[in-house]
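Novice: This is the structure I have questions about; it appears just below.
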Amino acid sequence: MDRPSSIFFFFLSVAICLASLQLRAGSFEAPGPMVFPLLLGLCLLLLSIILFVQSGPTSPANLSEVLSPGELVSVIYFMGIFFLCVFIFEPMGFVTSIFVLIVLLLKVIGDKKTVSALLYGLTMTLSVYLIFVKILGVRLPKGVLGF
């Protein structure tokens, strides 16, 4: 099952890299929103190639043996959430897009109740914002909320 997974992650990483190239690059001193998703996409690309090489040829597995229909829906939803985040990151800003990402992931993958997902999302988003913007001085994209 590792070989089909590596092929899937290879194409996913290529899609992430291509989508991130649509974002503003910035400069060396002030990297733009393209840098982080591009680096993650390149890391995933490298890891998928390593997994492909290490796994060797295997007998083909049926998708229904690997994932149940509910799990397949969760995987598709998970990927959709990340693609949505890539496209709303710059126009909506860091705080809004990451908050949406965390809440949706906690609702689907973490099976959290709506109130819990909102509280976790708010806490995690504001914590990361305070660490990066206020303590480290990193400039993050500002969105409709102005921060």
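The values are calculated or read from the model by the stated rules, or taken from the named source; none is laboratory data. Remember, predicted model here, so these are calculated numbers, not experimental data. Positions of Cβ are generated from backbone atoms using ideal geometry, with glycine treated the same way; all protein chains shown enter the neighbour counts.
Novice: Tell me which residues, restricted to the stretch 104-131, are within 17 Å of the chain's Cα centre (by Cα) and not in a helix (DSSP H, G or I).
Specialist: 109, 110
Novice: Quick one: residue 87 ticks every box in (1) under 13 Å from the mean Cα position of the chain (by Cα); (2) surrounded by 17 or more Cβ atoms within 10 Å (Cβ to Cβ); (3) at pLDDT below 85 except a single one, so which number is it?
Specialist: Of (1) under 13 Å from the mean Cα position of the chain (by Cα); (2) surrounded by 17 or more Cβ atoms within 10 Å (Cβ to Cβ); (3) at pLDDT below 85, only one is false for residue 87: (2).
Listed here are the residues, each with its yes/no results for (1) assigned by TED's automatic domain parsing to the domain that holds residue 4; (2) among the hydrophobic types (A, V, I, L, M, F, W, C); (3) more than 21 Å from residue 3 (Cα to Cα).
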{"position": "23", "(1), (2), (3)": "yes, yes, yes"}
{"position": "39", "(1), (2), (3)": "yes, yes, yes"}
{"position": "71", "(1), (2), (3)": "no, no, no"}
{"position": "84", "(1), (2), (3)": "no, yes, yes"}
{"position": "99", "(1), (2), (3)": "no, yes, yes"}
{"position": "112", "(1), (2), (3)": "no, no, yes"}
{"position": "117", "(1), (2), (3)": "no, yes, yes"}
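Novice: Regarding residue 52, is this residue modelled with pLDDT of 85 or more, within 25 Å of residue 137 (Cα to Cα) and either aromatic (Phe, Trp, Tyr) or outside any loop (DSSP other than H, G, I, E, B) (or both)?
Specialist: So residue 52 fails the test.
Novice: Residues being surrounded by fewer than 17 Cβ atoms within 10 Å (Cβ to Cβ), assigned to a helix (DSSP H, G or I) and not β-branched (Val, Ile, Thr): count how many of those fall in the stretch 11-26.
Specialist: 3
Novice: Spot the failing condition for residue 43; the list is (1) under 17 Å from the mean Cα position of the chain (by Cα); (2) surrounded by 15 or more Cβ atoms within 10 Å (Cβ to Cβ); (3) not acidic (Asp, Glu), and only one is missed.
Specialist: The failed condition is (2).
Novice: Let me ask something else. Looking at the structure I just gave you, is residue 15 closer than 29 Å to residue 136 by Cα and among the small types (Gly, Ala, Ser)?
Specialist: No, not satisfied.
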